[in-house]
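Okay, structure first, notes after.
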């Protein structure tokens, strides 16, 4: 389904981009740009970069495009004005276009495919499970480059004393996890399955993604024992409101109980009259992490190119009014 | 962990298979359906239901507006169609549906036709982020709050499109006013929302509501004075965002006829009209969710009442306040509108952000005041200081505006 | 200011506001030259409601002119009738054939005129609220106006164009319960004025919109020939009822409210205060009628021939209508048809200042100005 949607949006983006450069009506061009930018934001959603998608909408479509439209409407004045680029501009424009096209082709064909990303959450609790997950994933998807995206998180697990214990998180460990997760702004980790793209074998397309937990279900399917449940219960009961250092977690209503499986969470919640929260997600997706981390520079460069293009559009429309 | 939709789809598939088997239709084919298809069908059904429900909201609101305005003005309002005039909006809708589809000959036809759909789609898409009750699916989006800000910024494009494509001076006036107004007021609105995000660290609306679920004292509105002020700034900015009196300049009837939809009639006008009321509902719903606890009951002993009742109650209360404002206040002028935003709301919002940030920090570090063996948290202290600071500010304000004698 | 350079020069947009526009109070067309929201010039174009009153009047017997006067300022028809009737009566008097008007008719004329003044100012108040963007005052105003129109309907059968005041008196006697109904209305209405002031007059947004907007100094107001509430709004204490008392206005005790600086709010406030004074006048008139036992007096009109022929001569007579000095110049050649009728319209002079008042203001202010000078196109175009 998402593949169909992807191609739909891709086609739409191409069509609107084509209209942007070919139409003679400057306002039509601006509104077609809206379509193109909107489709780009849809691509970000497919890349699981929801934050970036929203930024794209907010900044480019809602902000900059409105400004551009303002400028165009204020200066052009009439509906019938036709845009015609002077011949002298064709050469530099064509050159810049070719260079950009070359860059794009190079980026998609020649450059390394983006590293595919795996790992690591504590849903099953403990370092062992995490390491198991990595191993399982690497085994399952051998040939795919894998990498833990949050080495700091893994590092802290290894370093901490709690790392020596396994399966059931103690209070310290789960607190540690919680704190790390909070600091890193992620509690959501994926196993990404990819396969070579049919168009370009060197480029991998994401075809499926799963939360790590479901993968671990097979490896770590032992039921939680009564003892363990009691231990956790005691742990929960000790969590007085003062015992928490993060404002949002003061209230037991929002308590995140990590490391529990299946019905145990609900069972505990019922026993203590707590609202069960299935899982707290945070606001950054995988794509955002990639985009904001490794590819920040290209992203900024792309932003500057867009800005220059927008200014150029304004200049072109202004030029016409004086003529 | 499986996504709830996945689980639901599996259940639906199983139930369908069971049903066809008991009816002797042969239960094999539903069971053989790929899960993706079942999920797709489920989503489509959910979407259809959602759109139907959401499209019903403006219809209710239009009736409500007519009745409320009537009672504000010593009238009865609609009484003829249906009992107590209940069906009058439906009748209106049918009328609009059957009207001739007029497109002014000198307009830009393509954009003129497209514009209502942009406005309509953008304002209805926002509904997806609102949590009307506790649920792991509905309104449970990581980026819900941010998505609201992003998508609602698309509305202004539709309005500009309509105003420009109409090729009418009144429409252009309306569109430019709308654009300037919406873009400006988005800033204090966003800053008010940012305060909450700063304090909680999440953009998920469900989680925001859960954090307020303890009762009325846990509502963000009453957490500390900065959020209290922020709630008012949010609401007023939202009123300006949705172009309602006293900020209804983009469609100021007495000045620019009907603003950006002057040239529209029939069903295209109806789209603008519905979008307008949907917007009023949406900003009220978000205000209720962010500042007034959403679906959570105000008192714990009332938590037996379904969440959707609280949600609708709070939202309708805010919608009613909007109507109250509309039928009481005159309209501000365009320069006053801008100065209200840039000279008052924006500085106040910045102070709010600063204050909320400091308080969030103090709360996290558990810094407060000891008062006779009682520990007062930073928030409590700020509440105690609030009236004094206000009084001081008021005194300063008066001191500043003492009549100055100017040589005539 | 230095002449803007060519690069900075922006095109001005000509916006034709009206003749079909929600807040031009009839069929006024304003040609606005705007630079964005700023109006560089507003040029009023009139004549869309021209019905040739003066020429009509020159071809009709005096009696038949009265209904035509109704149709000039249709918001305050009684006042228009009174002006014309008084002018003709003055003409008779000048020619030595005075009509003796019964005492009761004098009082009825004052009562209906002041009621109509209230109704007219209520409309000004309500529509002004609507111009500024508040819709509710309009319906409140119409609730009270409705009562007045109902009373008019009782006494003359018409609600807008009355044809009630005639030469020598009025066309019909008051209904027996008229003064009870009227007193009930007045006591209710006085309280309502307070609530209107709370709702609109002292509303912060309303003050922001109207205070200091389109200030008209006394000198300039006089130069433009402004009269009535508009002139008084600028601070000039000039009211024909006080300064040139006609009919029996010298028998009543009332104030002439004036404004301070002559902005939109002052002009509006004068009307609000005038309603209170009108209530006082009507009360006193009713009291005096009761004291003199006029309520049961059947003599409400003098007998005047339908073929009224004023002696040869001319007269100019002006009265204070809700909009200002309404003057009638009538020339009689001794027949039953006047040879010349000319009307001096207060709205026309008020509108003539539009161009000056609106320079450099915003589009929204234009609406505020039109509402504050309270024009009726029927009277301007005639």
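The values are calculated or read from the model by the stated rules, or taken from the named source; none is laboratory data. Bear in mind that the values here come from a model prediction, so they are computed numbers and not experimental data. Ideal geometry is used to build each Cβ from the backbone, glycine not excepted, and the neighbour counts take in all protein chains shown.
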* **Candidate set from the range C:248-258 (those that are buried (at least 19 other Cβ atoms within 10 Å of the Cβ) and under 18 Å from the mean Cα position of the chain (by Cα)); member that is nearest to residue C:353 (Cα to Cα)** => C:258
* Any idea which of (1) buried (at least 17 other Cβ atoms within 10 Å of the Cβ); (2) more than 14 Å from every other protein chain (Cβ to nearest Cβ) is the one residue C:55 doesn't satisfy? -> (1)
* Asked: Would you call residue C:131 closer than 30 Å to residue B:329 by Cβ, surrounded by 21 or more Cβ atoms within 10 Å (Cβ to Cβ) and at pLDDT below 90?
  -> yes
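Would you mind finding the one in C:225, C:262 that is part of a loop (DSSP other than H, G, I, E, B), within 16 Å of the chain's Cα centre (by Cα) and closer than 29 Å to residue C:370 by Cα? If you could, list the steps in order and put the result at the bottom.
Numbers: C:262 fails: within 16 Å of the chain's Cα centre (by Cα).
Every option except C:225 fails the conditions.
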* Structure fact -> Restricting attention to the range B:41-84, the residues that are free of Cβ contacts under 8 Å to residues at least 12 places away in the same chain, loosely packed, with under 14 Cβ neighbours inside 10 Å and within 30 Å of residue B:14 (Cα to Cα) number exactly 7
* Quick one: residue A:63 ticks every box in (1) at pLDDT below 80; (2) surrounded by 18 or more Cβ atoms within 10 Å (Cβ to Cβ); (3) facing chain B (nearest Cβ under 10 Å) bar one, so which box is it? -> (2)
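Can you tell me how many residues within the range B:319-356 are part of a helix (DSSP H, G or I) and either within 14 Å of chain C (Cβ to nearest Cβ) or over 19 Å from residue B:188 (Cα atoms) (or both)? Write out each step before concluding.
Of the residues in the range B:319-356, the ones part of a helix (DSSP H, G or I) are B:319-326, B:334-356.
Then keep just the ones that are either within 14 Å of chain C (Cβ to nearest Cβ) or over 19 Å from residue B:188 (Cα atoms) (or both); that gives B:319-321, B:323-326, B:334-340, B:343-344.
Qualifying residue count for the region: 16.
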* Considering only residues that are more than 18 Å from the chain's Cα centre (by Cα) and in a loop (DSSP other than H, G, I, E, B), look in the range B:241-270 and name the one that is nearest to residue B:166 (Cα to Cα). => B:263
* To do: Specify the residue that is nearest to residue C:274 (Cα to Cα); the eligible residues are those in the range C:184-213 that are buried (at least 17 other Cβ atoms within 10 Å of the Cβ) and away from every other protein chain (no Cβ under 13 Å).
  => C:193
* Residue match in the range B:221-240 (condition: outside any helix (DSSP H, G or I) and either outside the structural domain of residue B:331 (by TED's automatic domain parsing) or buried (at least 22 other Cβ atoms within 10 Å of the Cβ) (or both)) -> yes
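Go through the range B:142-183 residue by residue and tally those that are within 7 Å of another protein chain (Cβ to nearest Cβ) and either under 24 Å from residue B:265 (Cα atoms) or assigned to a helix (DSSP H, G or I) (or both). Lay out the reasoning, then the answer.
Just the residues of the range B:142-183 that are within 7 Å of another protein chain (Cβ to nearest Cβ), to begin with: B:142-143, B:146-147, B:149-151, B:153-154, B:156-157, B:160-161, B:164, B:167, B:169, B:179, B:183.
Next, only the ones that are either under 24 Å from residue B:265 (Cα atoms) or assigned to a helix (DSSP H, G or I) (or both) stay: B:146-147, B:149-151, B:154, B:156-157, B:160-161, B:164, B:167, B:169, B:179, B:183.
Count: 15.
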* **Only listed residue being in the same structural domain as residue B:227 (by TED's automatic domain parsing) and either under 30 Å from residue B:66 (Cβ atoms) or exposed (fewer than 12 other Cβ atoms within 10 Å of the Cβ) (or both), chosen from B:342, B:327** => B:327
* Conditions: (1) assigned to a loop (DSSP other than H, G, I, E, B); (2) surrounded by 24 or more Cβ atoms within 10 Å (Cβ to Cβ); (3) within 13 Å of chain B (Cβ to nearest Cβ). Residue C:360 meets all but one. Number of the miss? -> (2)
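Select from the range B:183-213 the residues that are within 30 Å of residue B:256 (Cα to Cα) and surrounded by fewer than 24 Cβ atoms within 10 Å (Cβ to Cβ) and list them in ascending order. Even if it seems obvious, please write down each step before you answer.
In the first step, residues of the range B:183-213 are kept if they are within 30 Å of residue B:256 (Cα to Cα); the result is B:183-190.
Of everything in the range B:183-213, those that are within 30 Å of residue B:256 (Cα to Cα) and surrounded by fewer than 24 Cβ atoms within 10 Å (Cβ to Cβ) turn out to be B:183, B:184, B:186, B:187, B:190.
With the structure loaded, tell me whether residue B:132 is more than 25 Å from the chain's Cα centre (by Cα), surrounded by 14 or more Cβ atoms within 10 Å (Cβ to Cβ) and within 29 Å of residue B:52 (Cβ to Cβ) or whether it fails that test. Explain how you work it out, then say what you get.
Working: more than 25 Å from the chain's Cα centre (by Cα): no; surrounded by 14 or more Cβ atoms within 10 Å (Cβ to Cβ): yes; within 29 Å of residue B:52 (Cβ to Cβ): yes.
Answer is no for this residue.
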* Could you tell me whether any residue of the range B:106-120 is touching a helix residue (DSSP H, G or I) at 6+ places or on another chain (Cβ under 7 Å) and closer than 24 Å to residue B:316 by Cβ? => yes
* Would you mind telling me which numbered condition in (1) assigned to a loop (DSSP other than H, G, I, E, B); (2) more than 14 Å from every other protein chain (Cβ to nearest Cβ); (3) surrounded by 14 or more Cβ atoms within 10 Å (Cβ to Cβ) residue B:304 fails? => (3)
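Condition first: out of contact with any strand residue (DSSP E or B) (no Cβ under 9 Å at 6 or more places or on another chain), in a helix (DSSP H, G or I), away from every other protein chain (no Cβ under 11 Å) and at pLDDT 80 or above. Can you find one or more residues in the range A:31-38 that meet it?
In the first step, residues of the range A:31-38 are kept if they are out of contact with any strand residue (DSSP E or B) (no Cβ under 9 Å at 6 or more places or on another chain); the result is A:31-38.
Keeping just the survivors that are in a helix (DSSP H, G or I) gives A:31-38.
Then drop every residue that is not away from every other protein chain (no Cβ under 11 Å), which leaves A:36.
Checking the rest, the ones that are also at pLDDT 80 or above come to A:36.
Among the residues of the range A:31-38, at least one is out of contact with any strand residue (DSSP E or B) (no Cβ under 9 Å at 6 or more places or on another chain), in a helix (DSSP H, G or I), away from every other protein chain (no Cβ under 11 Å) and at pLDDT 80 or above, which makes the answer yes.
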